[in-house]
Amino acid sequence: MTDEFAVGTARAARGTSVRGAIPVGLDASGRLREIPVLICRGEGDGPVLWINGATHGDEPEGALSIFKLFAGLRPADLRGTVVGVPAMNVPAFEAGKRGDPLDTFSHDMNRIYPGRPDGYPTERAAWAHWEAMRVACDLQIAIHSGGEHSYLAHMIFASDNPPSLELAAAMGPQWDLVFRSGVGGANPSSKIAELGKAGITVELGGNCRTLTLDFHAVAEDLAGSYANVLRHYGMLDGEARYAARLRMGHQQALLAPASGMWVGGAEVPFETEIPAGTPLGRVYDLYGEVQAEVAAPVDGVVFGLRSRPAVLAGEWCCFFGIIEEVRENSWTGDASNG
Ligand SMILES: [Zn+2]
């Protein structure tokens, strides 16, 4: 019997860091299409934390944060295994687009997961990934952001089962906005939760923050949160930190009421509760006339704003959260604030 941990072509003995890939199929020139995979496997036993980046190809925060985590991970310090998939949807990542531009029928990998072995191109890639992940993974984190159209602040969609809510709480003090999402839906977090495992979808960043120090700051925030998760589950030594309270609720999409140029308010606070009626932004026509104003529909929290000014009526302009419950964080073991 071999004591080997394998994901695709990546095969990790205890106490090693390896790389490999999940094979997807052949391209037109006969070359293998594949999804790159990093594995760091500790000497000792522990869970498998699996981190997915760039399910949407215009969201590179997952990739950079995975690189930063792995740069600081040593197998000798680790109990259990960390699997990093910097870009789940490689053709979409190459194009810098949400989905693979060559695939019009299963464009959004986060809506068709786990795909089908004999389906459309993105469905095949999703299926190859799912077949690799479903057995190996205990704890799954999918990293998302506002991509090419928006900026999103710290926000977690946690699949509605106890392991997922624990994983959300383990991300650390800055992650106190945690909204429940369904189990069994067509995205990786939801599918893995259907197996009784932990699956969360984490939002942070957007193309307006992929420059110089700012990009690093976003990625280090995420990488530090993965390290906090590793400490929470005893996979790394050290004390995990937690938010004192978790604000839970649901999101409401605020859509542009008119077409034109969206300009977010200069002082809209992210992640802070604001009263109904607080102005959030305006849509101008191309003569400079205000065509519509967008305000908080009820008391709530702005966790994202559109960052691409050109807007069509009906497109996202604000990611608004309505808090239904503030719960004491049962995991909090220290004096960290929230
Ligand atoms: Zn996304």
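Placing +1 on the Cβ of every Lys and Arg and -1 on the Cβ of every Asp and Glu, with nothing else charged, gives the stretch 5-244 a dipole about its Cα centre of roughly 500 debye. Expressed in units of 2.2 N^0.38 Å, where N is the residue count, the Cα radius of gyration of the stretch 15-64 is 1.45.
How high is the relative contact order of the chain? Use alpha-carbon pairs under 8 Å, at least six apart in sequence, and give a whole percent. Averaging sequence separation for qualifying contacts and normalising by length gives 15 percent for the chain. Take the alpha carbon atoms of the stretch 105-158, find their radius of gyration, then divide it by 2.2 N^0.38 Å using N residues; give the quotient. This ratio for the stretch 105-158 stands at 1.33. The share of alpha-carbon pairs in the stretch 193-338 lying farther apart than 18 Å comes to 68%. Placing unit charges on the Cβ atoms of the charged side chains and taking the dipole of the chain about its Cα centre, the candidate lying farthest along the positive direction among Leu38, Thr272, Phe157 is Leu38. The orientation-averaged projected area of the convex hull spanned by the Cα atoms of the stretch 280-331 comes to 5.0 nm².
Among Arg124, Arg31, Arg19, which one shows the biggest mean-square fluctuation in a GNM of the chain, springs joining Cα atoms closer than 10 Å? Maximum among the listed residues: Arg31. Entry note, the chain: the mean residue ellipticity at 222 nm calculated from DSSP H runs of n ≥ 4, each adding -39500 (n - 2.57), is -6500 deg cm²/dmol after division by the residues and rounding to the nearest 500.
DSSP bridge analysis restricted to the chain gives an antiparallel fraction near 70%, rounded to the nearest 5. Just so you know, the Cα atoms of the chain work out to an Rg and Dmax of 20.2, 73 Å.
When DSSP beta bridges are restricted to pairs lying wholly in the stretch 82-235, around 35% turn out antiparallel. Going from the residue with the fewest nearby Cβ atoms within 10 Å to the one with the most, Glu59, Glu315 rank Glu315, Glu59. Can you tell me which of Glu289, Glu194, Glu43 moves the most in a GNM of the chain? Springs connect C-alpha atoms under 10 Å apart. Highest fluctuation among the options: Glu289. Assuming charge only on the beta carbon of Lys and Arg (+1) and of Asp and Glu (-1), the dipole of the stretch 199-253 about its Cα centre is about 240 debye to the nearest 20. Among His56, His149, His232, the order by Cβ neighbours within 10 angstrom, fewest to most, reads His149, His232, His56. Distance between the C-alpha centres of the stretch 112-132 and the stretch 221-274: 29 Å, rounded to the whole angstrom.
Determine, at each q value in 0.11, 0.25 (inverse angstroms), the log₁₀ of I(q)/I(0) that the Debye formula gives when each Cα of the stretch 1-102 is one equal point scatterer. Treating every Cα as an identical point scatterer, log10 I(q)/I(0) equals -0.36, -1.26.
Averaging Cα coordinates gives a centre for the stretch 84-108 and one for the stretch 147-207; these two points are 20 Å apart. Between Cys318, Tyr226, Leu254, the Cα set farthest toward the positive side of the dipole of the chain (charges on each charged residue's Cβ, about the Cα centre) is that of Tyr226. Rg ratio for the stretch 249-302: its Cα radius of gyration over 2.2 N^0.38 Å, N being its residue count, equals 1.17. The spacing between the stretch 25-72 and the stretch 304-320, judged by their C-alpha centroids, is 30 Å.
Values in this text are rule-based calculations from the coordinates and carry no lab data. Everything numeric in this text was worked out from a predicted model, so none of it was measured. Note that we place each Cβ from the backbone using ideal geometry, even for glycine, and neighbour counts take in every protein chain shown.
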